[in-house]
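J.: Just passing along the structure, written as structure tokens.
The values are calculated or read from the model by the stated rules, or taken from the named source; none is laboratory data. Because the structure is predicted, anything quoted here is derived from the model rather than measured. Glycine also receives a Cβ, built like all others from the backbone with ideal geometry; neighbour counts cover every protein chain displayed.
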Amino acid sequence: MANIELTDLRKTFGKGERAVHAVDGINLAIGDGEFVSMVGRSGSGKTTTLDCLGLLMRPTSGTIVIDGTDTSTLSDGKRADFRSHKIGFIFQGFNLLPSLNAIDNVMLPLRYSGGDKKAARRRAQDLFEEIGMADRMTHRPAQLSGGEQQRVAIARALINQPTLVLGDEPTGEVDTETSQKLIALMRRLNRETGVTFILVTHDLDLASRTDRVVRLKDGRVISDERQTARTDSPAPDIADLVPAEAGTDGKGEAIAVA
Ligand SMILES: Nc1ncnc2c1ncn2[C@@H]1O[C@H](COP(=O)(O)OP(=O)(O)OP(=O)(O)O)[C@@H](O)[C@H]1O
Ligand SMILES: [Mg+2]
């Protein structure tokens with residue numbers, strides 16, 4: 001749903017001889033509902049670009065226009081507001097809070113955006129259905145597998161009904177099979193909701209399943225290719241995303257999910 005335009009985006013860290021031009025003049029337009037990957041070697045500027053795009057960092061120069069709003073003109077408060085209403089994040093390493101259970105983690109972004117609590121909880125419950133984890137809502141992160149934690153992180157990115165989801169290595173810490181399921185889940189959510197996805201990744205399998213691959217080198221775009229996303233291994237049914245031992249802790253003991 002989001003329309004993004006980066007014009008001559010630059011981010012320089014440090015000064016003088018020690019200056020690092022992490023982002024060095026990126027021009028990029030991404031349209032509504034696109035499912036894009038951003039690839040490139042370590043240090044090529046992917047995370048920095050994503051942090052600027054997510055309004056987590058101010059660029060040194062250049063503009064970022066999201067859905068017609070030139071974000072460089074926004075005050076810090078307005079930027080935070082814009083971020084919490086429009087953008088969902090899937091961070092590297094999940095970033096779930098260990099002391100909160102899964103559903104409270106998913107609802108965390110709502111603390112900053114306000115709104116009707118009951119409706120929010122219903123929406124969170126719907127998202128757990130969507131990710132095939134309705135029976136895991138009250139588990140804490142430590143009681144979930146890596147793939148499950150990552151699915152919770154995806155649900156959390158979507159709780160505010162953003163128009164744009166940004167992911168930094170969203171499949172970085174899971175095995176190949178889990179990674180494929182996560183990709184299928186994100187693709188389905190992209191198809192069904194029209195949310196724009198921009199995913200930074202080293203995972204070539206993930207990149208091959210996106211509609212467009214933007215490659216960075218030394219803070220610049222060196223290629224930008226549209227592709228027919230690979231569909232050779234069909235998207236798994238949502239039932240496949242639910243662990244076989246659903247409702248138990250894997251040792252056959254039922255876990256109470258209130
Ligand atoms: N806060 C910072 N201060 C100084 N230099 C930085 C800072 N953050 C990033 N850099 C430098 O900017 C460059 C781009 O970093 P960035 O994190 O965007 O790379 P990346 O493409 O995400 O790499 P990776 O694949 O390893 O995550 C790197 O050379 C890095 O050392
Ligand atoms: Mg990075």
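J.: Quick check on my filter: what residues within segment 197-227 are within 16 Å of ligand 2 (Cβ to nearest atom) and part of a loop (DSSP other than H, G, I, E, B)?
T.: 201, 202, 203, 218, 219, listed by residue number.
J.: Please verify whether segment 187-196 includes one or more residues that are surrounded by fewer than 21 Cβ atoms within 10 Å (Cβ to Cβ), within 16 Å of ligand 1 (Cβ to nearest atom), at positive phi and part of a loop (DSSP other than H, G, I, E, B). Steps first, please.
T.: First, the residues of segment 187-196 that are surrounded by fewer than 21 Cβ atoms within 10 Å (Cβ to Cβ): 187-188, 190-194.
Retained after the next criterion (residues that are within 16 Å of ligand 1 (Cβ to nearest atom)): none.
Checking segment 187-196: not a single residue is surrounded by fewer than 21 Cβ atoms within 10 Å (Cβ to Cβ), within 16 Å of ligand 1 (Cβ to nearest atom), at positive phi and part of a loop (DSSP other than H, G, I, E, B).
J.: Continuing with this model, one more query. Here are some residues: 40, 54. Which one is within 13 Å of ligand 1 (Cβ to nearest atom), buried (at least 16 other Cβ atoms within 10 Å of the Cβ) and at positive phi? Can you show your working first?
T.: Working: 54 fails: at positive phi.
40 is the lone residue from the list that is within 13 Å of ligand 1 (Cβ to nearest atom), buried (at least 16 other Cβ atoms within 10 Å of the Cβ) and at positive phi.
J.: Filter segment 10-37 down to the residues that are near ligand 1 (Cβ under 9 Å from one of its atoms) and under 24 Å from residue 197 (Cβ atoms), then identify the one that is surrounded by the fewest Cβ atoms within 10 Å (Cβ to Cβ).
T.: Among residues in segment 10-37 that are near ligand 1 (Cβ under 9 Å from one of its atoms) and under 24 Å from residue 197 (Cβ atoms), the one surrounded by the fewest Cβ atoms within 10 Å (Cβ to Cβ) is 11.
J.: State which residue is surrounded by the most Cβ atoms within 10 Å (Cβ to Cβ) when the search covers only segment 57-75 and only residues that are farther than 12 Å from residue 6 by Cβ and β-branched (Val, Ile, Thr). Can you show your working first?
T.: Quick first cut of segment 57-75, residues farther than 12 Å from residue 6 by Cβ only: 57-58, 60, 67-69, 73-75.
Within this subset, residues satisfying the condition of being β-branched (Val, Ile, Thr) are 60, 69, 73.
Values: 60: 16, 69: 13, 73: 10.
Going through the qualifying residues, I end up with 60.
J.: I'm checking my understanding of the structure. Among residues of segment 153-164 that are assigned to a helix (DSSP H, G or I) and not basic (Lys, Arg), which one is surrounded by the most Cβ atoms within 10 Å (Cβ to Cβ)?
T.: Pass one, segment 153-164, residues assigned to a helix (DSSP H, G or I): 153-158.
Imposing the further condition that a residue be not basic (Lys, Arg) reduces the set to 153-155, 157-158.
Working: 153: 25, 154: 23, 155: 28, 157: 26, 158: 22.
So the residue we want is 155.
J.: Where residues in segment 165-183 are assigned to a helix (DSSP H, G or I) and in contact with a Leu (Cβ under 8 Å, 6 or more places away or on another chain), which of them is nearest to residue 66 (Cα to Cα)? Quick ask: steps written out before the conclusion?
T.: The first filter runs over segment 165-183 and keeps only residues assigned to a helix (DSSP H, G or I), leaving 176-183.
Within this subset, residues satisfying the condition of being in contact with a Leu (Cβ under 8 Å, 6 or more places away or on another chain) are 179, 181, 183.
Numbers: 179: 29, 181: 29, 183: 25 Å.
Once the filter is applied, the top-ranked residue is 183.
J.: Let me ask you something else. Which count do you get for residues in segment 126-152 that are at pLDDT 95 or above and assigned to a loop (DSSP other than H, G, I, E, B)?
T.: 4
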